[in-house]
Amino acid sequence: MSCGGNCGCGNGKKPAAATGSADAAFDLLNRLKSEAGTVATPSSGPPTIYFAKEPKGAHGVKAPGWLRGLRITRWRVISQAFFFAAFLFFIFTTWFSRLKGNPVSAFLEVDPLVGLATAISTHTVYRHLVWSLWLIIPTLVLGRWFCNWMCPYSTLHQFFGWLFNTRRNLDKVAINRYRSIFQLKYIILIVFIVLAAFGSLQIGLLDPICIMYRTFTTAIAPASDLAVEQAGGSAAWLFKPGSPHQRIFYGAWFVGLVILFLVGMNLVIPRFFCRVLCALGALLGVLSRFALWRIDRDVTRCTDCNLCVSHCEGASDPHTALRKSECFVCFNCIDDCPEDALSFRFMPVKKPQPVEGQLHGRPVITQILETEAPWPALSRRRLLLTGVLGVLAYPFLRLSAAVNSKAFSRKAIRPPGTVAENEFLERCIKCDQCINVCPTNVLQPATLTQGGLEGLWTPVMDMRIGFCQLNCVLCSEVCPTGAIQKISIEKKLGLGQHTADGPISVGTAFFNQGRCLPWAMETPCVVCEEVCPVSPKAIGTYDEQLKRWDGTIVLLNKPYMRPELCIGCGICEHECPVADDRAVYVTAVGETRSKDRSLLLRSRQT
Amino acid sequence: MLRMAIGAIGGLSHFIRPGDVVLIKPNVAFDRAPKLGATTSPDMLGALIRLVRAAGAAEVRAADNPIESPETCFAKSGIAAAARANGAQVFLPSPTSFEMLEVPGAKLIARWPFFYRPFRGVTKVIGIAPIKDHNLCSASMCTNNWYGLLGGRRNQFHQDIHNIVADLALMMRPTFVILDGSRILMKNGPTGGDLSDVVHGRTLIAATDQVAADAFGYSQLLGRKGDLPQYLHNAHARGLGEPDWRNVAMQEEQVG
Amino acid sequence: MPEEPVFNTFRRQPLRPFFSLREFQIGLGTLVVLVAAAGWVVWRGAHPDPTLFAVDDQLLSGKGGTITVYERPVAPWVEPGSAASSAGPRLDPFPATVVSPGWRLSAPPQMFDEGNLYSKIDGRETFYKSYGFKKLHCLSLSTTEPAGLGIDLELFDLGSVQNALGALSAEISDPATVVTLSGQSLWYVTRNGGFLAQGRYYARLLGSDDHETVRQKIAGLRDALLASLPGESLPWAYELFVGRLRLSPSRIQYFAENAFSHGFANDFYAAGLPGGDAELFVSRRASDAAARELADKLAEGFAAYGQRVGDGGAADRRGRSIMAGAARPGRRTRQTAAADVSAERFSGRTAGRGEDARHRARRAA
């Protein structure tokens, strides 16, 4: 034999133990070769390794058509479709007439990043946020399954990426390799966590579920409703039926632009957001460190064709050392491997050394080192610098005037039931569910002037667009983190057991007498007093007859405020006919939620 | 009681023919509970719908363009439930439901956006309104009820309120009106908000002359002394009704 | 170069050769989980939170019931300078009707007190201060048509009824003036003026001209003031002297003490009778016995000055009032006085007003 008896095949020699030495491997090779067939081995130089295929039945069966049709990736698609439909259902039913008891904020409530970051910033777990354990525990066991089985935002990206993906062959493989830019999401995560520890909750800027809700609320649902209205479709297709005017939102153009950009980037790098920016994904990646089930590449079968990478969603390098923190458990690699070398296996511990197995009675190496990279690829240096960045970000953000009690924007009128501003910034994840459910379109995502960067996209009221409906507490029901505490109508109006506290006030209305028709223009009006919803009314009138400049005698009802009774609902501002700059307007003073912004010394009358 | 009241003005069959498409206009301006008297009583509306359907109407519709958010107003006032339970179709306003309406001879609304979608194909219109105190108009009753069908920037009309309400009487000549005095909002109208503002008037008025009905409601049920609101006189001057209700053929029935 | 396709070519087939039953089972398990999740959502949807959508009707009252709102009256339009435009509380204490059709305020109302009274009526202030002056309200009216006529109103607050009456009495220039006692006031008019005292107020209405319009207005003002000024009961002696005996109040004097130079003779009203020097002194005591005692004392006292003429002629002794007359010697006067005093005019008219006086006439020497 050409091996000179050193191949370890046992032909005429006793089998060599698996020592891991190259010689032993070479002996083994030769022995196998003699059984399985020829392989071209150069007479000099390092030998190529040839491993035999295992007989059928070891990993799977040559399946009938139906089993092929119902392979695991199909189930994954079903699951993605289901949760995407569930998400659309929640968005669709976040409306007074459809809400009933539907858990419309469920995606936010199970979101581990929301739950964890809010727990860090507020030291409490609000209401349903404990549901995030439903996701955390399986992630600890299975890895980042959420990213490809449940997350609706990723479904959106994956769908469009797939739809427009016209790459072929090697391009498909090249685009899915791991890049160092993918470390960015861990940097973002660390900055967010550090900020949360200081009491500023900014995860909502880049949390995928928050982005999804926010984008649908401010951009997609209104656009869809506009299209349905113009096409004459029935009200059942509207996201918001019964809304008398088209719903409009601040900065909708920006939100739309962002979503177009992020979805569009899928054509450049597939799953761009998920791989590069997603803070939730980063968190789940960290939690995958101790996943018990992982993608396992059988080195004895692998031919290094790299086809597994061609549809890898997570860019987790299944063809080399699997990056556990990047793997989305999408199973596309398993589908693509012609050698059946990949499987999803229960591997509680990583095997530290090559493992010998048996093949036709002969020892073979079945596993080698470095088939996986457990931790995210973030160097210690980068980790430290990121932490510093997070620490610095806090004062830079918080010392912005708009979020301080000395210079708060008078137009930052928060919904009823909101906690005081400091705590609000610890809780609001800018998901905009409150804005979604608001029946009058008064809630708007704040701009930078109204709340600074910390307050961006948090809910503020713009009374020119809508007003706070008296008997409505829907925003408090859908808020997942307690930025708007859940209140009942009783509590909002100060009835029953809440009579001593009085009604909740979100602001106070002021008259600009120089613009008011009866005060400055000898013209009767008084719409404001008519629509004031409290009883007795918070607007009273001085009634006097006047002989106008043209000689006619009119009865003028000149309105004035009763600040003890005003709850800041803003319907007066909304109905005031001086449309350009209302003669009565509400500002964020006289709130009951904090002493910072109270107006009167005596609390309001009950 | 409703049937008796309508019977007193000629009976429902006199007004509704089989096959009619009837629109009933309740007052659903605010999202108050029915007991607060700020909106039409859902029980009364339900009874009216049943009577109309029993008279043979092919289709009954209920519509209004509330001041506050339409969905919550229709729901919280109980109108949507009462209408649907009795087989009427509810129309909510939407941006494309309005069209320009021409009212020849009107001073202020000669051309104005009008909530037109529910009116397509309608042959009969019935108004059903509660009696409410109102600072500007003194009282809001049948003639004011039609305000809820206007669109556009209708908040400007308060600058000439007595002419707009007269214009409304010109705009809409209903088949008949029901002025519901079962819950009268005596003060803090038209929004109400407190049970102590409401008085049970125990009276129901059915009328073909909405001006007379309003005059009766003003002086007898709201108990206001002094002159009638100017808009009733304006309407009378334009030949739209008779504010001196004593001169109108009136029949009074006692129930229980 | 070939046309770049828009969409994915959708030709992917799984390359793997083998499939396991296990993944099908896992798939079914996933389906079960999905169905369970859907079921949970449906169940939650069917169980809404009731406090979210309605509030118990019973709770709707009580808020408005505790607060009463002041219903401000509508301020009517008044043309500036017209009759009604001057109406209002700023004319207080004058009644609003001082400004009537045809008259308007020519000067705004003014008020003076002890410190600045001299600026208004330099010279006469001591007179009023001697009568307990507190305040003076004055205003001026003038006609709108015909123009040129005016009335000045002066309303003195003199602190007490006695002061007001005293001032009125002192200012009566002509003793023949007819002074009317009506209700709780005394008043009289002249050719172009009117004067009245009611309660602690003494009012002087001074017209600019002897003109019928002025007189009518003064009469109207007088009535208005009588109706509006707070009155107090006149001292009882004025009833007797002015009301019954038609004496001018200028004749009436009041002696708080030391009448007739007797120390015990206090609280006497005296009035000079017309047509002579006869004076009538009247006093009132708390009871019959006290009156009798005082009468006896006076009789003793007067006995020193002259002789007793005789009893007053009244039949009964009546209660608390004592009347004594003192006159210079003069037969006619004496007789007249006695005759007057004895006339049943007094006793007859006061029948029913409680008990009448026992009167005795005395003649001073």
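The values are calculated or read from the model by the stated rules, or taken from the named source; none is laboratory data. Computed from a predicted model, the values in this text were never measured in an experiment. Neighbour counts run over all protein chains shown; Cβ positions are idealised from the backbone, glycine included.
Meeting the requirement of 2 or more residues that are of a type in the set (A, V, I, L, M), the strands (runs of 3 or more DSSP E) wholly within segment B:130-233 are B:176-185, B:203-207. Screening C:Gly306 against (1) part of a strand (DSSP E or B); (2) at pLDDT below 75 leaves a single unmet condition, (1).
So for segment A:231-247 (the condition being under 14 Å from the mean Cα position of the chain (by Cα), closer than 19 Å to A:Pro445 by Cα and either basic (Lys, Arg) or more than 14 Å from chain B (Cβ to nearest Cβ) (or both)), does at least one residue qualify? No, that holds for no residue.
All conditions but one from (1) under 27 Å from A:Val403 (Cα atoms); (2) within 12 Å of chain B (Cβ to nearest Cβ) apply to A:Thr218; the one that does not is (2).
How many residues are away from every other protein chain (no Cβ under 14 Å), assigned to a helix (DSSP H, G or I) and buried (at least 17 other Cβ atoms within 10 Å of the Cβ) when one looks only at segment A:156-183? Here the count works out to 4. State yes or no: is B:Arg61 more than 10 Å from every other protein chain (Cβ to nearest Cβ) and in a strand (DSSP E or B)? For B:Arg61, the condition - more than 10 Å from every other protein chain (Cβ to nearest Cβ) and in a strand (DSSP E or B) - is met.
Exactly one residue among C:Leu247, C:Leu234, C:Leu298, C:Leu229 is in contact with a His (Cβ under 9 Å, 6 or more places away or on another chain) and crowded, with 16+ Cβ neighbours inside 10 Å, and that residue is C:Leu298. The set of residues from segment B:172-193 being surrounded by 22 or more Cβ atoms within 10 Å (Cβ to Cβ) and either within 14 Å of chain A (Cβ to nearest Cβ) or among the β-branched types (Val, Ile, Thr) (or both) comprises B:Val177, B:Ile178, B:Ile184, B:Leu185, B:Asn188, B:Gly189, B:Pro190, B:Thr191, B:Gly192, B:Gly193. Going by the structure shown, is C:Phe24 surrounded by 13 or more Cβ atoms within 10 Å (Cβ to Cβ), modelled with pLDDT of 70 or more, among the aromatic types (Phe, Trp, Tyr) and assigned to a helix (DSSP H, G or I)? Yes, satisfied.
Scanning segment A:92-112 for residues that are within 11 Å of chain C (Cβ to nearest Cβ), among the β-branched types (Val, Ile, Thr) and either surrounded by 21 or more Cβ atoms within 10 Å (Cβ to Cβ) or touching a Gly at 6+ places or on another chain (Cβ under 7 Å) (or both) returns A:Val104, A:Val110. Considering segment A:495-528, and only residues there that are assigned to a helix (DSSP H, G or I) and away from chain B (no Cβ under 14 Å), the residue that is surrounded by the fewest Cβ atoms within 10 Å (Cβ to Cβ) turns out to be A:Gln497.
Among the residues of segment C:1-20, the ones that are surrounded by 11 or more Cβ atoms within 10 Å (Cβ to Cβ) and facing chain A (nearest Cβ under 7 Å) come to 8 in all. Annotation: of all residues in segment C:41-53 being more than 7 Å from every other protein chain (Cβ to nearest Cβ) and within 23 Å of A:Lys491 (Cβ to Cβ), the one that is modelled with the highest pLDDT is C:Pro50.
Only one entry in B:Ala169, B:Ala212 is without any contact (Cβ under 8 Å) to a residue 60 or more places away in the chain and buried (at least 24 other Cβ atoms within 10 Å of the Cβ), namely B:Ala212.
Scanning for something surrounded by fewer than 17 Cβ atoms within 10 Å (Cβ to Cβ), without any contact (Cβ under 8 Å) to a residue 24 or more places away in the chain and of a type outside the set (Ser, Thr, Tyr), does segment B:33-44 turn up at least one residue? No, that holds for no residue.
For A:Leu392, the conditions (1) under 25 Å from the mean Cα position of the chain (by Cα); (2) in contact (Cβ under 8 Å) with a residue 60 or more places away in the chain; (3) farther than 30 Å from A:Ser243 by Cα are fulfilled apart from (2).
With respect to the conditions (1) part of a helix (DSSP H, G or I); (2) at pLDDT below 75, A:Phe92 lacks only one, and its number is (2). Of the numbered criteria (1) within 49 Å of the chain's Cα centre (by Cα); (2) modelled with pLDDT of 80 or more, the one C:Gly62 fails is (2). If the condition is being under 16 Å from B:Gln230 (Cβ atoms) and within 12 Å of chain A (Cβ to nearest Cβ), then segment B:125-146 contributes B:His134, B:Asn135, B:Leu136, B:Cys137, B:Ser138, B:Ser140, B:Asn144.
So which residues in segment C:190-234 are farther than 28 Å from C:Gly132 by Cβ, touching a Leu at 6+ places or on another chain (Cβ under 8 Å) and hydrophobic (A, V, I, L, M, F, W, C)? Scanning segment C:190-234 gives a single hit, C:Val214. Taking the criterion of being within 11 Å of chain B (Cβ to nearest Cβ) and part of a strand (DSSP E or B), the residues of segment A:529-543 that qualify are A:Ile539, A:Gly540, A:Thr541, A:Asp543. Checked against the criteria, A:Leu546 does not count as more than 25 Å from A:Val442 (Cα to Cα), within 12 Å of chain B (Cβ to nearest Cβ) and not in a loop (DSSP other than H, G, I, E, B). Tell me which residues, restricted to segment B:71-82, are touching a residue at least 40 places away in the same chain (Cβ under 8 Å) and either part of a helix (DSSP H, G or I) or buried (at least 24 other Cβ atoms within 10 Å of the Cβ) (or both). Result: B:Thr72, B:Cys73, B:Phe74, B:Ala75, B:Lys76, B:Ser77, B:Ile79, B:Ala82.
What do you reckon, is B:Ile109 away from chain A (no Cβ under 14 Å) and not in a loop (DSSP other than H, G, I, E, B)? The answer is no for B:Ile109.
Looking across segment C:87-97 at every residue that is in contact with a helix residue (DSSP H, G or I) (Cβ under 6 Å, 6 or more places away or on another chain) and of a type outside the set (Ser, Thr, Tyr), the one that is modelled with the highest pLDDT is identified as C:Pro95. Taken over segment A:549-569, residues that are among the hydrophobic types (A, V, I, L, M, F, W, C), within 10 Å of chain C (Cβ to nearest Cβ) and surrounded by 21 or more Cβ atoms within 10 Å (Cβ to Cβ) amount to 2.
Of all residues in segment B:195-209, exactly one satisfies the criterion of being at the interface with chain A (Cβ under 9 Å from one of its Cβ atoms) and surrounded by fewer than 22 Cβ atoms within 10 Å (Cβ to Cβ), namely B:Ser196. In the set (1) at pLDDT below 90; (2) within 14 Å of chain C (Cβ to nearest Cβ), A:Ile484 fails one condition alone, (1).
Within segment C:189-221, the set of residues being in contact (Cβ under 8 Å) with a residue 12 or more places away in the chain, surrounded by fewer than 21 Cβ atoms within 10 Å (Cβ to Cβ) and of a type in the set (D, E, K, R) comprises C:Arg191, C:Arg204, C:Asp209, C:Asp210, C:Arg215.
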